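Asks: Dropping the structure in here first, questions after.
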Amino acid sequence: MTAQIANGGYKIYPHIVIDDKVKDQPIDKFTPLYKNSKNIKIVQDAIFGSTNEVMGTSYRSRIDNPEYQFAGKTGTAQVKRITEAEREMDRKLEQIPYKERDHAWFIAFGPYKNPRYAMSVLVEHGGSGSSTAAPIAKKIMKKVIASTLVFGMFLGSPAFAYNKIDWAKMDSNNDGYVSPKEMKDHYKKAGVYK
């Protein structure tokens, strides 16, 4: 569902890629799931606000850099009925027996301006989505987007276009493999990447 919100409200048919052969696409691949396109934009903006506006439930898990900004929404799944007496106790998470703690949820998509990734994080008995699941999603989203940015920057760089990359200089570990981190460090030193 998160990916369908991110793509503007169109059906998605998940599949596992086994080989590189192009499979037939469904006829209704671009069928909208909404009646009014303004509605999906309202939902996207609300999810973005939940993470990126000061009063948002996952504001502490935002990323300020626009290249990494994502939209996300917290959630909490209650695992047992809470009595009136338990409500009045107003216990902290640590005071609640593990098996009675709520499940923490967080859904996200990013980068916000051109979504490529969607995720759902569930932490069983984790408490609230904002304190447990959202920080995990932030770390994952930052890593995934960073690896895409580094690889995209690498493919789009003038050095790649002219095939003048000095791979030996980039392989700082001398292990015959140039990792995304080594690539990023190399371009930082060259002033191409900040």
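Asks: Could you list which residues have their amide H under 5 Å from that of Y117, counting only those 5 or more apart in sequence or on another chain, with H placed in the peptide plane?
Replies: G110
Asks: Using a Förster distance of 41 angstrom, determine the FRET efficiency expected from the C-beta separation of L33 and A85, and round it to 0.05.
Replies: With a Förster radius of 41 Å, E is 0.40.
Asks: Step through the table entries K80/K139; K139/K188; K92/K113; K41/K73; K73/K139; K41/K92, compare each Cα-Cα distance with 26 Å, and write down the pairs that go over it.
Replies: K80/K139; K92/K113; K41/K92
Asks: In addition: Would you kindly derive the ³J(HN,Hα) couplings of the stretch 102-111 from the backbone phi angles with the Karplus curve 6.51 cos²θ - 1.76 cosθ + 1.60 (θ = phi - 60°), listing them in order in whole Hz, with x for Gly and Pro?
Replies: Rounded to whole hertz, the list is 5, 7, 9, 10, 7, 10, 7, 9, x, x.
Asks: I'd like to check one number: the per residue accessible area of the stretch 65-112, probe 1.4 Å, reported in Å² as a whole number.
Replies: 66 Å²
The values are calculated or read from the model by the stated rules, or taken from the named source; none is laboratory data. None of these values were measured; they are calculated from a predicted model. Every residue, glycine as well, gets a Cβ built from its backbone with ideal geometry; the counts of neighbours run over all protein chains shown. Keep in mind that these areas ignore ligands, DNA and RNA; they rest on the heavy atoms of the full protein, side chains included. Shrake-Rupley method; radii C 1.70, N 1.55, O 1.52, S 1.80 Å.
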